[in-house]
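Encoded as structure tokens, the structure appears first; notes follow it.
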Amino acid sequence: MLTSEARSLLTVVLVGARNPSNIGAAARAIHDFGFGDLRVVNEFAAPFEAAALEAKSAVAASSVMQSARRFDSLAEAIADCSLIVGTTAIGEREIRQTVEPIRETAPRVTAALGRSERVALLFGSEKTGLTREQLSHCSLLTTIPMYQPEGERHLSMNLGQSVAVCLYELSREGFAGARELPELHEAAATAADRERLTQMLLDVMHTTEYARRFPANAAEPLVRQLVQQLGSSHREAMTWMGILKQILWRERGAE
């Protein structure tokens with residue numbers, strides 16, 4: 001499980017990102033998975049400044065954008081990082097370094113964070129991805145496995161989506177401060193509940209003449225087995241009985 005301290009050591013670096021909305025979407029993913037450090041490498045300040053101003057793209061992630069920093073060079077942006085992980089869609093380029101699927105890279109990243117090492121996770125521009133020169137800065141290369149339709153040449157994922165998928169993989173084991181799923185504490189259905197439900201279902205079958213038309217399906221042992229799957233909790237059993245009561249009421253009222 002990633003602690004708050006470990007998450008603070010992960011740096012997401014967007015290299016050459018041009019679309020302010022994509023920068024904002026990446027910031028939102030960073031915020032939603034409990035991380036906070038965003039760095040943008042771009043010699044042009046306009047996309048970064050526009051992302052900071054564009055409220056829609058960075059909804060719920062204003063804190064990430066407010067603390068985000070812009071750098072003119074990749075070397076400057078990753079200078080304080082120990083492990084540099086580059087993401088690539090590979091495509092038709094010749095990659096001379098080993099490329100791992102993100103699910104294999106994630107444990108290595110979380111282990112480094114656990115050792116209090118700062119890790120940079122690099123994403124390239126929307127148009128070209130990371131260049132060969134930029135990839136040469138990386139200790140590890142990782143990719144998101146994607147389906148490749150026949151004849152498709154350039155597989156890639158939206159920048160914001162790519163950041164979200166990678167951060168999800170890093171967070172699969174959970175992290176401190178995550179919202180816990182609510183636990184339902186429901187009383188289990190008793191044998192008496194299931195027997196009442198069985199008899200009511202048999203009553204419905206006879207009243208609607210289903211039992212006459214399909215007698216094999218209305219055998220009591222078979223119906224009792226069916227009821228085992230209908231109401232695992234007392235509330236579910238009561239719900240089914242309420243439905244069956246309505247059916248009986250309508251059938252008998254029509255007679």
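Data for the structure
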quantity: Candidate set from region 104-158 (those that are of a type in the set (Ser, Thr, Tyr) and not in a loop (DSSP other than H, G, I, E, B)); member that is modelled with the lowest pLDDT; calculated: Ser125
quantity: Residue satisfying all of: in region 211-246; in contact with a Ser or Thr (Cβ under 7 Å, 6 or more places away or on another chain) and among the aliphatic types (A, V, I, L, M); nearest to Ala192 (Cα to Cα) among these; calculated: Val227
quantity: Residue in region 68-84 that is modelled with pLDDT under 90 and surrounded by fewer than 21 Cβ atoms within 10 Å (Cβ to Cβ) present; calculated: no
quantity: In region 198-228, residue surrounded by the fewest Cβ atoms within 10 Å (Cβ to Cβ) [restricted to those that are of a type in the set (A, V, I, L, M, F, W, C) and within 39 Å of the chain's Cα centre (by Cα)]; calculated: Leu226
quantity: Meets criteria (in the same structural domain as Ser162 (by TED's automatic domain parsing), at pLDDT 90 or above, among the hydrophobic types (A, V, I, L, M, F, W, C) and not in a helix (DSSP H, G or I)) for Phe35; calculated: yes
quantity: Tally, over region 131-152, of residues that are touching a Cys at 6+ places or on another chain (Cβ under 8 Å) and within 21 Å of Ser82 (Cβ to Cβ); calculated: 1
quantity: The listed residue being modelled with pLDDT of 90 or more, under 18 Å from the mean Cα position of the chain (by Cα) and assigned to a helix (DSSP H, G or I), out of Ala6, Ala26; calculated: Ala26
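The values are calculated or read from the model by the stated rules, or taken from the named source; none is laboratory data. On a predicted model such as this, the values are computed, not experimentally measured, just so you know. So basically every Cβ, Gly included, is an ideal-geometry build from the backbone, and we count neighbours across all protein chains shown.
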